[in-house]
Amino acid sequence: MTNRPVLITGFEPYGGRGTNPSHEVMKRLHGRTIHGRSVIGRGLPVSFARFPEIAAELIGELNPSTVISLGLWPGESMIRIERIGVNIADFGIPDNDGLLAVDEPVHRDGAAALMSTLPTRAIERAMLSEGIPASLSATAGTYLCNICLYSFLQAAQHHSEPVACGFIHVPYMPEQVAELLVAVRDQASVEMHQRCDFASMDLDRIVRAVEIAVSQ
Ligand code: PCA
């Protein structure tokens with residue numbers, strides 16, 4: 001068994017939200033030992049300007065055997081295990097620096113796409129067998145989560161030791177959806193049934209899902 005740590009990253013809040021479940025999960029797992037593997041958690045900024053450097057710095061500093069990055073996918077109803085990062089940055093909303101990237105490469109000379117090097121199928125099966133809704137996904141979008149996945153995969157290629165990297169998108173927590181429902185009602189600008197982003201999963205279950213991913 002390697003004594004190199006597992007790095008779990010979670011994103012700070014973005015898009016006007018007060019919390020990000022990925023950050024909460026990261027904090028819950030930081031410092032734990034899971035399946036004999038020590039876990040280090042780190043928060044990441046929702047900032048295109050900080051990538052790819054931050055990925056290379058974290059891999060260089062911590063020398064992890066595995067990097068599992070987490071982010072929120074608003075409206076998703078299940079754990080979403082990403083298979084691929086693409087070399088496109090194209091934002092629907094500005095990042096936390098106010099930058100709105102349109103049709104830009106993540107890395108000017110990078111490959112068109114990089115595949116997750118986590119055992120994604122095994123992770124999906126293990127989550128499902130514990131009764132946690134999960135599925136493989138062929139797109140992490142073209143916002144910061146995709147930039148994060150692509151950047152860690154690329155940084156891993158330049159590291160002296162092998163590093164398995166991948167990304168897991170998580171749903172809203174129920175408390176966030178309750179807040180959204182209040183806001184939608186108070187704003188009275190769309191009918192409730194026009195919104196399709198009210199799915200959620202409780203934090204304990206999301207944490208368990210990520211523990212399972214670490215254990216594969
Ligand atoms: N989700 C966003 C960026 C940060 C996060 O938690 C995304 O899916 O790109």
Quiz item: Whole-Hz Karplus ³J(HN,Hα) for the stretch 128-144, in order, using 6.51 cos²θ - 1.76 cosθ + 1.60 and θ = phi - 60°, x for Gly and Pro?
Solution: 4, 5, 8, x, 9, x, 8, 8, 6, 10, 9, 8, 8, x, 10, 10, 5
Exercise. Starting from the amide H of Val106, placed 1.01 Å from N in the peptide plane, find each other amide H under 5 Å away whose residue is 5 or more places distant or on another chain.
Key: Ile88, Ala89
Quiz prompt | For Thr117, net neighbour charge (Lys/Arg +1, Asp/Glu -1) across residues whose Cβ lies under 12 Å away | solution = 0
Exercise. Take the alpha carbon gyration tensor of the stretch 55-167, find the square roots of its eigenvalues, order them as a ≥ b ≥ c, and report rounded if a/c is under 1.5; if not, report prolate when a/b exceeds b/c, else oblate.
Key: oblate
Quiz item: So how exposed is Ser65, as accessible area in Å² (1.4 Å probe, rounded to 10)?
Solution: 20
Practice problem: Output ³J(HN,Hα) for the stretch 75-89: one whole-Hz value per residue in order, computed from phi by the Karplus curve 6.51 cos²θ - 1.76 cosθ + 1.60 with θ = phi - 60°, and x for Gly and Pro. | Solution: x, 5, 9, 9, 6, 10, 8, 7, 9, 8, x, 10, 8, 9, 10
Self-check item: Beta bridge orientation in the chain: antiparallel %, DSSP, nearest 5
Solution: 30
Quiz prompt | Cut-off under 5 Å, modelled amide H: who pairs with Leu44 long-range | solution = Gly10, Phe11, Glu12
Quiz prompt | Gyration tensor verdict on the chain (Cα atoms; rounded if a/c is under 1.5, prolate if a/b is larger than b/c, oblate otherwise) | solution = oblate
Quiz prompt | Student exercise, the chain dipole from Lys, Arg, Asp, Glu Cβ charges, in Debye to nearest 20 | solution = 680
Exercise. Could you list the GluC sites (Glu not before Pro) in the stretch 112-213 that lie in coil according to DSSP, counting only those with at most 15 other Cβ atoms within 10 Å of their Cβ?
Key: Glu130, Glu191
Quiz item: Amide H neighbours of Ala134 under 5 Å, counting only residues 5+ apart in sequence or on other chains, H built in-plane at 1.01 Å?
Solution: Ile79
Practice problem: Assign one of three labels to the stretch 103-182, namely rounded, prolate or oblate, based on the Cα gyration tensor with a ≥ b ≥ c the square roots of its eigenvalues; rounded applies when a/c is under 1.5, prolate when it is not and a/b is larger than b/c, and oblate otherwise. | Solution: oblate
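The values are calculated or read from the model by the stated rules, or taken from the named source; none is laboratory data. Only a predicted model underlies this, so the values are computations on that prediction, with no experimental measurement involved. In this analysis, Cβ positions are derived from the backbone assuming ideal geometry, glycine residues included, and neighbour counts consider all displayed protein chains. The area values use the complete protein model at the heavy-atom level, side chains included, leaving out ligands, DNA and RNA. Shrake-Rupley method; radii C 1.70, N 1.55, O 1.52, S 1.80 Å.
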